[in-house]
Amino acid sequence: MLTVTDLHTYYGRAHILQGLSFSLEPGQVTVLLGRNGAGKSTTLKSLMHLVRPARGRIRFGGTDITGWPPDRIARAGIGYVPEDRRIFTTLTVAENLDVGRQPARPGQPAWTEDRLFALFPNLAAMRQRPGGQMSGGEQQMLAIARTLMGSPTLLLLDEPNEGLAPIIVEQLGGAIRALKQTGLTVLLAEQNLAFAAATADRALVIESGRIVWSGTMRAFLDDAAARTTYLAI
């Protein structure tokens, strides 16, 4: 589905991603774990070329997408939900969804409003509500739903649970598990280990811009030494 090889990304002179390499398998949820500042958000932005990597290769579905502009990457089938959501606050729920609409991809079912409202029931009663009049959790659901309207085959989620109430976090976990059942591949940048354990098949641990641990989520949960070394504060 996705292969990243020796990716290097800078912010000015700061060398953030320092030879990042990993791959994603189709139909799995993979969580990218790490402390604050480890490079999780930069990894997702680099995949979308919102931050342009200095060197390295990115292959998506067998195609080298290195150097492509973000809009072309999105049209190729990678959907990105940023940490700050970026919904259109003056547009209604229905209008936000319409902004993200792309044609269905061959061999995949189309995402419709009704299908998204079944996935996120909270949004169903808010079709005409402006995005700026929604709670943070409702906005997060809308941001994911709008991205799904683009018919992605790979979904990138950057810290979707930050600042949300536990009940909303639980609902988002259920939605991600439901998305996996559709065959969608998900890369989730996350610090909440309990949420990761409830949703992810595989774990990648990033530290100082490099992948320092990879394997199944179950294996990481069983590896107390790795959890202490890479996640403990």
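The values are calculated or read from the model by the stated rules, or taken from the named source; none is laboratory data. Every value quoted in this text rests on a predicted model; they were computed, and no experiment measured them. Here Cβ is always computed from backbone atoms with ideal geometry, including for glycine, and neighbour counts include all displayed protein chains.
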Cβ contacts < 6 Å: first residue free of Cβ contacts under 8 Å to residues at least 24 places away in the same chain and farther than 22 Å from LEU172 by Cα, restricted to the range 95-117; second residue among the β-branched types (Val, Ile, Thr) and not in a helix (DSSP H, G or I), any location; separation 6+ or different chain. Result? none
Here the residues within the range 221-233 that are touching a residue at least 60 places away in the same chain (Cβ under 8 Å) and in a helix (DSSP H, G or I) are TYR230, LEU231
Counting only residues that are over 24 Å from LEU7 (Cα atoms) and of a type in the set (Lys, Arg), the range 182-224 contains a total of 1
Would a scan of the range 49-57 turn up a residue that is at pLDDT below 95, at positive phi and in contact with a strand residue (DSSP E or B) (Cβ under 8 Å, 6 or more places away or on another chain)? no
Output the residues belonging to the range 158-194 that are in contact with a helix residue (DSSP H, G or I) (Cβ under 8 Å, 6 or more places away or on another chain) and part of a strand (DSSP E or B). ASP158, VAL186, LEU187, LEU188, ALA189, GLU190
Tell me, which residue of the range 62-85 that is surrounded by fewer than 14 Cβ atoms within 10 Å (Cβ to Cβ) and part of a loop (DSSP other than H, G, I, E, B) is nearest to the chain's Cα centre (by Cα)? ASP84
For residues that are aliphatic (A, V, I, L, M), closer than 24 Å to PHE60 by Cβ and either at pLDDT 85 or above or surrounded by 13 or more Cβ atoms within 10 Å (Cβ to Cβ) (or both), tally how many sit in the range 86-114. 1
Can you tell which of ARG105, ARG52, ARG35, ARG101 is assigned to a loop (DSSP other than H, G, I, E, B), under 22 Å from GLN139 (Cβ atoms) and among the charged types (D, E, K, R)? ARG101
Do you know which residues across the range 157-172 are modelled with pLDDT of 85 or more, surrounded by 14 or more Cβ atoms within 10 Å (Cβ to Cβ) and aliphatic (A, V, I, L, M)? LEU157, ILE168, VAL169, LEU172
